[in-house]
Structure formats: structure tokens, C-alpha cells
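Here the structure is laid out as C-alpha cells; the discussion comes afterwards.
The values are calculated or read from the model by the stated rules, or taken from the named source; none is laboratory data. As the structure is a prediction and not an experimental result, all values here were calculated from the model. FYI the Cβ positions are ideal-geometry reconstructions off the backbone, even for glycines, and counts take in every protein chain you see. These accessible areas exclude ligands, DNA and RNA; they are computed on the full protein's heavy atoms, side chains included. Shrake-Rupley method; radii C 1.70, N 1.55, O 1.52, S 1.80 Å.
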Amino acid sequence: MKEIKLFAPATIANVSCGFDVLGLCLDTVGDEMIIRKTTKKGVRISKIIGQDLPIETEKNVAGVAVLALLKQLNSDAGFEIEIYKNIKPGSGIGSSAASSAGAVFGVNKLLGEPFTLQELIPFAMEGEKLASGTAHADNVAPALLGGFTLVRSYNPLDVIKMNSPKELFATVIHPQIEIKTADARSVLKKKVTLKETVIQLGNLGGLIAGLYTNDYDLIGRSLHDEIVEPSRSILIPEFDAIIKAAKDAGALGGGISGSGPSIFALSKGKEIADKVALTMAKAYKNLQIDFEIHVSKINTKGIKIL
Ligand code: HSE
């Protein structure tokens with residue numbers, strides 16, 4: 001194989017109660033990439049369509065992720081990468097993760113799969129480090145593995161792919177403002193109280209128990225973020241009103257997608273998820289805020305070869 005074309009999915013990190021540790025993979029929104037083996041050694045980003053992003057390999061998240069992979073292999077192979085971006089940077093649905101994860105996935109395939117999907121996570125995290133200053137794995141892990149993922153530990157890295165209840169759908173609304181992850185991280189408080197920790201742990205455990213027992217109501221009750229959301233939600237127009245509208249329309253619950261400004265809601269069944277989308281859209285239309293909206297089942301496969 002000399003060339004690969006793939007779909008690199010958008011993802012929702014944190015999923016309310018799991019800051020930096022939980023993530024889920026979407027199905028209906030993502031980037032496309034074409035990766036080609038070249039005789040010329042090194043990595044070249046040959047095309048970026050759809051967004052204005054750095055084309056220099058060392059400044060591009062896909063570029064640095066692949067460089068990290070090749071360095072580990074001590075390889076002098078050559079690749080060029082075309083990126084067709086549908087996910088806007090600073091949207092909160094894993095734009096940099098899609099590019100980083102897609103790039104290492106494609107290069108790994110073209111090299112005959114020297115690494116497992118799990119082993120690709122640290123390389124993709126190098127892209128996240130470049131984009132946000134922190135090598136968080138809660139977007140790249142679900143993009144690579146699919147489904148819901150848990151980063152049990154960062155050091156050593158231990159990522160678990162979890163069960164995804166079949167009828168679970170996500171609705172994501174993206175107000176057309178950009179919030180850089182690095183900025184959204186800088187507003188976070190550095191210390192949390194024991195009381196806040198107890199509440200957060202209860203919800204994190206509840207959400208994971210709900211995923212494994214297909215208990216949709218428990219999933220809904222657990223979508224609460226005691227620690228991060230209060231500091232970040234003030235950056236997002238009408239955050240509380242959108243969550244209330246989603247719940248009134250039947251959503252199980254919701255929160256900030258990644259570091260925002262996108263807001264997500266989870267619902268049981270596509271019918272309710274579509275209704276949630278209409279209600280969220282109506283709220284932003286009334287306020288004359290531009291937005292994009294996506295309804296997606298949980299993508300249990302992750303990156304797809306096209
Ligand atoms: N866990 C990261 C954060 C996700 O919330 O900063 C960024 O998409």
C-alpha cells in the first residue's frame with residue numbers, strides 16, 4: 001500500500017465529569033486525510049483545505065505526531081499528508097486530535113502496522129501538546145480506539161476502551177466563536193476541595209457504571225461537572241439556557257464539549273437527539289448567534305479507511 005484515505009472523527013472530551021480522562025467518539029463529523037508514501041525522506045504537509053493552519057511540519061499537529069512515530073522507529077521513510085478539515089480549530093470537538101490521530105493511524109498502516117492502536121496514542125498526544133501546551137489524551141484516545149475511553153493513568157499511560165450503550169446519541173452545538181484550549185485551561189482553578197472531589201468521583205463512577213449496565217438514566221444523572229464547568233461555562237453564550245433546553249427536549253444530560261465553546265447533550269435514541277438539536281438551534285437562532293449542529297451516534301470504530 002502506497003496511499004491511504006481516511007476519515008478522522010471529531011470527539012467529545014471530558015464528558016462533563018471526566019476532565020482530561022473521559023472521551024467519546026463521534027460519527028457524523030470529522031476530517032478527511034490522504035497520506036502517501038514518498039521516496040523523499042521526511043514528512044511534508046502538502047495540502048490543508050478548509051482551515052488556515054500551519055503547513056510547516058514542525059508547526060503542524062499531524063506533522064509532529066508522525067515525526068514522533070518515525071523517531072521511535074528510527075525510520076527514514078517519507079510521507080506527504082493532505083488534510084481536508086471539516087472540524088474548526090478551537091471548536092471543542094477535537095480538531096487537533098483528529099489530525100494527529102488520523103496522521104499516525106495512516107502512517108502506521110502504510111508502514112505495515114508496527115504499532116497497535118493503543119501504542120499510537122502517545123504519538124498523537126505530541127500533536128495535542130503542540131496545539132494546547134498539554135499532552136492530554138482524552139480526544140486522541142477515542143479518535144483512535146472509538147467508543148468511550150477512559151485514561152486511567154497518564155504515567156504510565158493506561159487507556160481503557162469502555163462499553164457504549166447502543167441507543168446513545170450525542171447532539172453537539174458549536175457556536176461560531178473560537179476558544180483556544182490553552183486559554184480555556186488557563187482559567188481553571190489550581191486547587192479543588194475535598195467536597196468537590198467527592199461529588200466529581202461519584203459522578204465519574206456513576207457514568208462508567210451507567211455505560212456498562214446500559215442504564216441511561218444513571219448516565220444522565222452523572223453528567224455533572226463540579227470542578228471545571230463553573231469556570232468555563234461563563235465563556236460560552238447562553239450555556240445554562242442551552243443545557244436546560246436540551247433537557248426539556250428529553251436529553252439525559254449534557255455539558256461543555258472538551259474545552260468549549262461546543263455544548264453537547266446525550267440522549268437515548270436518535271429521535272430525541274434530533275429533537276434536542278432543534279431545541280438547541282432555536283435557542284441560538286433567537287439570540288442571533290451563528291452555530292453549527294451535529295447529531296451522531298457513538299462511533300465505536302474510531303478512524304475509518306475510505
Ligand atoms: N481535557 C481537555 C480540556 C480537552 O478540557 O482542556 C480539550 O479538548
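Would you mind classifying the stretch 168-297 by shape? Square roots of the alpha carbon gyration tensor eigenvalues, ordered a ≥ b ≥ c; an a/c under 1.5 is rounded, otherwise it is prolate if a/b is larger than b/c and oblate if not. Verdict is oblate for the stretch 168-297.
Rounded if a/c is under 1.5, else prolate if a/b beats b/c, else oblate: with a ≥ b ≥ c from the C-alpha gyration tensor eigenvalues square-rooted, which is the stretch 156-202? Oblate shape, in that a/c is at least 1.5 and b/c is the bigger or equal ratio. Element breakdown for the stretch 37-148 at a 1.4 angstrom probe: carbon and sulfur atoms account for 49% of the accessible area. What you get for the chain, charging only the Cβ of Lys and Arg (+1) and of Asp and Glu (-1), is a dipole of about 360 debye around the Cα centre. Distance between the C-alpha centres of the stretch 72-87 and the stretch 199-226: 38 Å, rounded to the whole angstrom. The residue list L287, M125, L266 was ranked by how far each Cα lies along the charge dipole of the chain toward its positive end, using unit charges on Cβ atoms, and M125 comes out on top. Projecting the Cα atoms of P9, A277, I93 onto the charge dipole of the chain (Cβ charges, centred on the Cα centre) puts P9 farthest toward the positive pole.
When a 1.4 Å probe is rolled over the protein heavy atoms, the share of accessible surface on the stretch 168-297 that falls to carbon and sulfur comes to 56 percent. Dividing the mean sequence gap of close Cα pairs (under 8 Å, 6+ apart) by how many residues the stretch 1-151 holds gives a relative contact order of 31 percent. Placing unit charges on the Cβ atoms of the charged side chains and taking the dipole of the chain about its Cα centre, the candidate lying farthest along the positive direction among T193, L70, S231 is L70.
Taking each residue as 0.36 nm, the span from L218 to L235 lengthens on full extension beyond its C-alpha to C-alpha distance by 3.3 nm. Kirkwood radius and radius of gyration were both taken over the C-alpha atoms of the chain, and their ratio Rg/Rh is 0.97.
With K and R counted +1 and D and E -1, the other residues having a Cβ less than 11 Å from that of V159 yield a net charge of -1. Pairs K40/K85; K129/K161; K129/K270; K180/K247; K37/K85; K166/K195: which exceed 30 Å Cα-Cα? Distance filter (> 30 Å) returns K129/K270; K166/K195. Where a ≥ b ≥ c are the square roots of the eigenvalues of the C-alpha gyration tensor, would you call the stretch 119-243 rounded, which needs a/c under 1.5, or, failing that, prolate if a/b is larger than b/c, or oblate? Since a/c stays below 1.5, the shape of the stretch 119-243 is classed as rounded.
A simple count of charges around A131, restricted to other residues whose Cβ falls under 15 Å of its Cβ and scoring Lys, Arg +1 and Asp, Glu -1, yields -4. What you get for the stretch 168-297, charging only the Cβ of Lys and Arg (+1) and of Asp and Glu (-1), is a dipole of about 200 debye around the Cα centre. Overall, the stretch 3-162 carries a charge dipole of about 280 debye about its Cα centre when +1 sits on the Cβ of Lys and Arg and -1 on the Cβ of Asp and Glu, all other atoms neutral.
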